[in-house]
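Taking it in order: structure first as structure tokens, then the write-up.
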Amino acid sequence: SAGPGSAGEGRRGGTPEQQESGRGEPRTLWGSGVPRPSSAGPGQPSPPQQQRTETLGFYESDRGRKKKQRSLSDLSLLRFISAELTRGYFLEHNEAKYTERRERVYTCMRIPKELEKLMFFGIFLCLDAFLYVFTLLPLRVFLAMFRFITLPCYGLRDRRLLQPAQVCDILKGVILVICYFMMHYVDYSMMYHLIRGQSVIKLYIIYNMLEVADRLFSSFGQDILDALYWTATEPKERKRAHIGVIPHFLMAVLYVFLHAILIMVQATTLNVAFNSHNKSLLTIMMSNNFVEIKGSVFKKFEKNNLFQMSNSDIKERFTNYVLLLIVCLRNMEQFSWNPDHLWVLFPDVCMVVASEIAVDIVKHAFITKFNDITADVYSEYRASLAFDLVSSRQKNAYTDYSDSVSRRMGFIPLPLAVLLMRVVTSSIKVQGVLAYVCVVLFYCGLISLKVLNSIVLLGKSCQYVKEAKMEEKLFNPAQTATPGKSAGKQQSMFKSTQGISTDENGSTSVTNQPVHEKENPPSLLVTSNSDQFLTTPDGEEKDISQDSSELKHRSSKKDLLEIDRFTICGNRID
């Protein structure tokens, strides 16, 4: 039995270890987290236990005790260094994140190959449209003029004197001839010395302004030419209506002439940069390409926007190749066609081309990385360009192939062709019978190159269209749910009340009264923007009311304006 002193000693905490823990219990039981037995009677409720918060893996009541029990060896520098050297982690705990990062790296590695395949295909499309102006267009103009002259001998079998395509060919030929003779009044040598006398910074600013002006001219120039073609070929009830072609023709001639002068100034500035002694201007002009990375990489891009940029890069690269050809021709003329001087220009030409390719690769690689766009999208872009080529070869095509390339890429071959004809005729003197024979042989070679290029492009385009499974859009016209006149009337009433009709591919047709998409009933007509203009109206649609036909005509014009913007992908890109 213990005395009172021992009992009081037990109440005060007992042994020093128990006093140190702050309780009267042994630390082996109560200090380790085991609940104490209740001190209340059997009929009394037990008092609530004290809740202890946990912080960094320790309880508040244990922190002071364990801090005092920690030895000095636990706080040593060697232990910290050992922990840092042996610390491990597992990447599989965040497998999805690292897999996504690896796919981004693979996408960036695939971008150069896929981009250059698109660029290669697009450049040959531009080359085909450019060679068409020099090879087949003169022959088509000759055939059209022959038909126009010999038409009275065969009698008027049709209301039209010429077919719409022949009228457009004659207009293109006349514009080329007029602008070519107008370019003779522009002195290239005076322009060269005028630009050479300017300072480097001023020339750099001028070159940037010329690039912006070239894009503006290209975007507005095709609209001017299309307005001329439609004004000249649309059905007219009165002969007086043909007078409206004259102002459109004068506007088109003025546009081609001004755009040709603009490209000439660009070529002259590039020629001055090539002939400068310290090559500082050429370096500044090349560094201007890298400014595109800053202006485009850190922006939000969708697939349609990237397609717009890709078409612009294709057009810009082909235009630069033609400008480099003009610079080489002018320099070779100044050095009496000495082949040794060509090797002097060759490093600068390679440097300009390499910088253009490097900038395009870096720009597209980071745009696809920041916007989570896969590299497979470039095959879709290539299939879209191939679809334009194949559709223009159909019997019921609504536009010429060269005009389709102009709308899609913004590349208008007429001003560039006028400038190249002016430079070639001024640089190369044709004298003697042998020289003319060489010119004829060269022309036959151009025709052979054009035909061969067209055959290869058409075969590749059919292959790309089949791989993308887009051939149904070429051969299957729009199908209505209910054939006949009732379907046409029902479609007309539906279009008059519906603001935006969305097809299964995501294309929209905007009419006069827009409403929310939630309220739209399912579309009765499954169409696409491409199909709507690849097929001509059937004869069965003549029974539709006049209001319906006028509404459909307005809707067609709206869609045509949308597809004419050479940056729109239509519904072929999801």
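The table below gives the values:
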{"item": "Subset tally (residues that are touching a Phe, Trp or Tyr at 6+ places or on another chain (Cβ under 8 Å) and either of a type in the set (V, I, T) or at positive phi (or both)) for the range 413-437", "result": "3"}
{"item": "Any hit, the range 213-231, residues being surrounded by 14 or more Cβ atoms within 10 Å (Cβ to Cβ), in contact with a Ser or Thr (Cβ under 6 Å, 6 or more places away or on another chain) and touching a residue at least 40 places away in the same chain (Cβ under 8 Å)", "result": "yes"}
{"item": "Evaluation of D360 against (1) modelled with pLDDT of 90 or more; (2) open to solvent by 40 Å² or more (accessible area, probe 1.4 Å); (3) under 24 Å from the mean Cα position of the chain (by Cα) (one fails), failing number", "result": "(2)"}
{"item": "In the range 326-366, the residues that are of a type in the set (S, T, Y) and free of Cβ contacts under 8 Å to residues at least 12 places away in the same chain", "result": "S336"}
{"item": "The one condition in (1) surrounded by 15 or more Cβ atoms within 10 Å (Cβ to Cβ); (2) under 27 Å from D400 (Cα atoms) that K236 fails to fulfil", "result": "(1)"}
{"item": "Matching residues, the range 395-424, being farther than 17 Å from I263 by Cα and open to solvent by 50 Å² or more (accessible area, probe 1.4 Å)", "result": "K395, N396, Y398, D400"}
{"item": "Residue among V405, V390 that alone is of a type in the set (A, V, I, L, M), in a helix (DSSP H, G or I), under 29 Å from M182 (Cβ atoms) and in contact (Cβ under 8 Å) with a residue 12 or more places away in the chain", "result": "V405"}
{"item": "Residue list for the range 409-463, filter: under 25 Å from the mean Cα position of the chain (by Cα) and of a type in the set (K, R)", "result": "K460"}
{"item": "Residue list for the range 204-223, filter: aliphatic (A, V, I, L, M) and closer than 19 Å to T319 by Cβ", "result": "I206, M209, L210, V212, A213, L216"}
{"item": "Members of the range 63-93 found to be part of a helix (DSSP H, G or I), surrounded by 10 or more Cβ atoms within 10 Å (Cβ to Cβ) and modelled with pLDDT of 65 or more, listed by number", "result": "R79, F80, I81, S82"}
{"item": "Positions within the range 264-292 being among the aliphatic types (A, V, I, L, M), open to solvent by 10 Å² or more (accessible area, probe 1.4 Å) and within 21 Å of G410 (Cα to Cα), in sequence order", "result": "V265"}
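Conditions (1) touching a His at 6+ places or on another chain (Cβ under 9 Å); (2) surrounded by 14 or more Cβ atoms within 10 Å (Cβ to Cβ); (3) not charged (D, E, K, R), marked per residue:
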| site | (1), (2), (3) |
| --- | --- |
| I149 | no, no, yes |
| L161 | no, no, yes |
| A165 | no, yes, yes |
| K172 | no, yes, no |
| V186 | no, yes, yes |
| I205 | no, no, yes |
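The values are calculated or read from the model by the stated rules, or taken from the named source; none is laboratory data. Because the structure is predicted, anything quoted here is derived from the model rather than measured. Positions of Cβ are generated from backbone atoms using ideal geometry, with glycine treated the same way; all protein chains shown enter the neighbour counts. Note: accessible area is taken over every heavy atom of the protein model, side chains too, but ligands, DNA and RNA are not part of it. Shrake-Rupley method; radii C 1.70, N 1.55, O 1.52, S 1.80 Å.
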